[in-house]
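Here is the structure we will look at, set down as C-alpha cells.
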Amino acid sequence: MDEHVSHATEHPDLKRGIGPYLLLFFILGDIVGAGIYALVGEVGAIVGGAIWTAFLAAFVLAIFTAASYAELVTKYPRAGGSATYVNNAFKNPFVSFMVAFAVMASGITSACTLTLAFSGDYLSQFISVPIVAAALVFIVLVGLINFYGISESVKINVVLTSAEIFGLLLIILIGVLALLAGEGDPGRAFEFKGDASVLGAILAGTVLAFYALIGFDDSVNVAEETHNPSRNYPRAIFGALFIAGIVYLLVTFTASMVVPTGELAGSSGPLLEVVERGTLPVPSKLFAAIALLAVSNGALINMIMASRIVYGMSDQGVVPTLFSRVHEGRRTPWVAILFTVSIAFVLLAVLGGNPDALDTLGSTTVVLLLLAFIMVNVSVMVLRSDRVDHEHFRTPTIFPILGIVVSVALLIYTAVSDISIFFLAALLLGIGLVLYAVNFLVKRSVDRESPQAGE
C-alpha cells in the first residue's frame, strides 16, 4: 500500500513538513503577528499609558494554559488539537465538537482582526482602497497560500516572522534612542486611565492583550505535520512565548513613551505612529511594509489552524466526511480550507465597515479561546490516569488549576464589562450547533437505511 495512504481514514496523510525550528518560527510568528502590530492602541485606550502592564499580566496568565497544551500535544499528537484532548477526557462527541468549533471560530475571528489591520493605516501608506474590499481580497489570497501546501506555508512563515521581529526590534531601537536623546515621556508608561481603577484598567486591558499572546494553541493543530512532536513541542511553545513576552514589554513601553496614548488609541497602525515620531530615520513605507508582512503572517497561521481543526473533526466523523477531503496533488485539506475562508469572507463583509470591528473581533477571539482553555485545562487533570506508550511533557498540577481560575475570571470580567462581546461568539457557536445537528441527522438516516453498517 502507498505509504501516504492512511488505513483508518482512506485518504492521503497530511505531510510531515515541520521540523523543530520551523515549529518555533510557526508559533512565534503566530504570537508576534497576532496583535502587537494591530492592538497596542486599543489596549492603550483601555489601560492608559501603562500598556505594558496588561501585556505582562497576559503573558503570565498565558503560561499556565500553554503548559497544559504542551502536555496534551506531546501525549496525543493529532491534528484535532483541543477537540482530541476533550474527547479523550469526556468521551462526549458533542462537547468535543463544540470545543473544537470554538477554537476554529477563534482562528477565523483572529484572522479577520488581522486582515482589517492589514487593510487599514499600514496598507494606506501604499494604496488608498476601501478597507472592506482590501480585506476580502486579502483573505482569499491567504486561503490560496494555505491550499498550496503546509511546507510552503511554514517556510513563508519563517520569512515573514523574521521580518516582523526585525520591525519590532526597530521599534525598541527607536525607544532606546529616544531615551538617550532625552525625548519622549518615560513617565507616560506608568500612567493609567483616569476614569478607572488601576486594577480594573489592567484587567480590562489584559483581556485584549491576551489576544496578542495566543498562538501556542494554534500550533497543536499541525501536530500530525510535525516531526517528533513529543520532543519538539514543549521547547517551541515555551521558547516562542518567552521571546514574544520580552519583545512585547519593550515595544509597549517604547510606544507609550514616544507617542501620546490618545494618538496610539486612534490608529489602526499604532507602531507606525512610533516610527513617524521617533528620531531614527526609518521610512514610513518601509515599516508599513514590515507591518503588512507581520499581519499577513498571523492571518495565514490562524487560517491554517482553523482549516486543520475542521479537517480533524471530519476525519474523526464529528462533522461530514466531505471536510476531510485531501487534495491528491497538494495534500492539503482543500474543502476545510474553502469552508473556513467562506466564513471569514462573510464576517469581513458584514463587520468590516464597523469602526469598532478590530476591538469586537479581537475580544470575540479571546472569549472563544477562554471557553476552550477551561475545557483543555480540565482535560489535563482528567487524563492524568491515562497512560500512553511514549514519553511526553508533564506540567505541574497547579498550572492547569490556575489556568481554569484565570480563564473563568477573565470571562466573568468581560461579561460584566461588555456583554455584547458574547453575542458574536454565540452566533458563531450557533453555526457549529447547526452543523453538528445536520451531521447527526444525516448519520442517523444512513444508519436506518444500513443497519448492518455498524456491525
- Task: Within segment 349-389, which residues have the backbone N less than 19 Å from the label spot 7 Å out from PHE423 along Cα→beta-carbon, could you tell me?
- Result: 349-368
- Task: Would you mind giving the average projected area, over all directions, of the Cα convex hull of segment 146-256 in nm² with one decimal?
- Result: 9.4 nm²
- Message: Run the count for the chain, please: Lys pairs, Cα-Cα under 22 angstrom, 8 or more apart or on different chains.
- Response: 4
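Which value, to two decimals, describes the C-alpha radius of gyration of the chain once divided by 2.2 N^0.38 Å? If you can, show how the numbers build up before the last one.
On the way: Rg = 21.5 Å, N = 455, 2.2 N^0.38 = 22.5 Å.
In units of the 2.2 N^0.38 Å rule of thumb, it is 0.95.
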- How do the peptides 83-91, 113-121 rank, highest first, by the average count of neighbouring beta carbon atoms within 10 Å per residue? 113-121, 83-91
- For 236-244, 206-214, 349-357, ranked highest to lowest by mean beta-carbon neighbours within 10 Å, the order is 206-214, 236-244, 349-357
- Message: Rolling a 1.4 Å sphere over the protein heavy atoms, what is the accessible area per residue of the chain, to the nearest Å²?
- Response: 38 Å²
- Message: Compute the helix-to-body angle for 357-382: its Cα long axis versus the longest principal axis of the chain, expressed 0 to 90° and rounded to tens.
- Response: 50 degrees
- Item | Kirkwood hydrodynamic radius over Cα pairs of segment 34-101, then Stokes diffusion coefficient at 37 °C and 0.692 mPa s, in µm²/s | 229 µm²/s
- Note on the structure: Longest principal axis of the chain (C-alpha) makes with the long axis of helix 421-449 (C-alpha) an angle, in degrees to the nearest 10, of 10 degrees
- Item | 0 to 90° range, to nearest 10: angle between helix 150-180 axis and the chain longest Cα axis | 20 degrees
- If you wrap segment 249-391's Cα atoms in a convex hull and average its projection over all directions, what's the area in nm²? 13.9 nm²
- Query: What's the carbon and sulfur percent of the chain's accessible surface, probe 1.4 angstrom, rounded to a whole number?
  - Reply: 67 percent
- Query: Which whole-Hz ³J(HN,Hα) couplings does segment 227-242 yield from phi under the Karplus relation 6.51 cos²θ - 1.76 cosθ + 1.60, θ = phi - 60°, glycine and proline marked x?
  - Reply: 6, 6, x, 4, 8, 7, 5, x, 4, 5, 5, 6, x, 5, 5, 5
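The values are calculated or read from the model by the stated rules, or taken from the named source; none is laboratory data. Remember, it's a predicted structure, so these values are computed and weren't measured experimentally. Methodologically, a virtual Cβ is constructed for each residue, glycine included, from the backbone with ideal geometry; neighbour enumeration extends over all protein chains shown. Note: areas computed on protein heavy atoms with side chains; ligands, DNA, RNA excluded. Shrake-Rupley method; radii C 1.70, N 1.55, O 1.52, S 1.80 Å.
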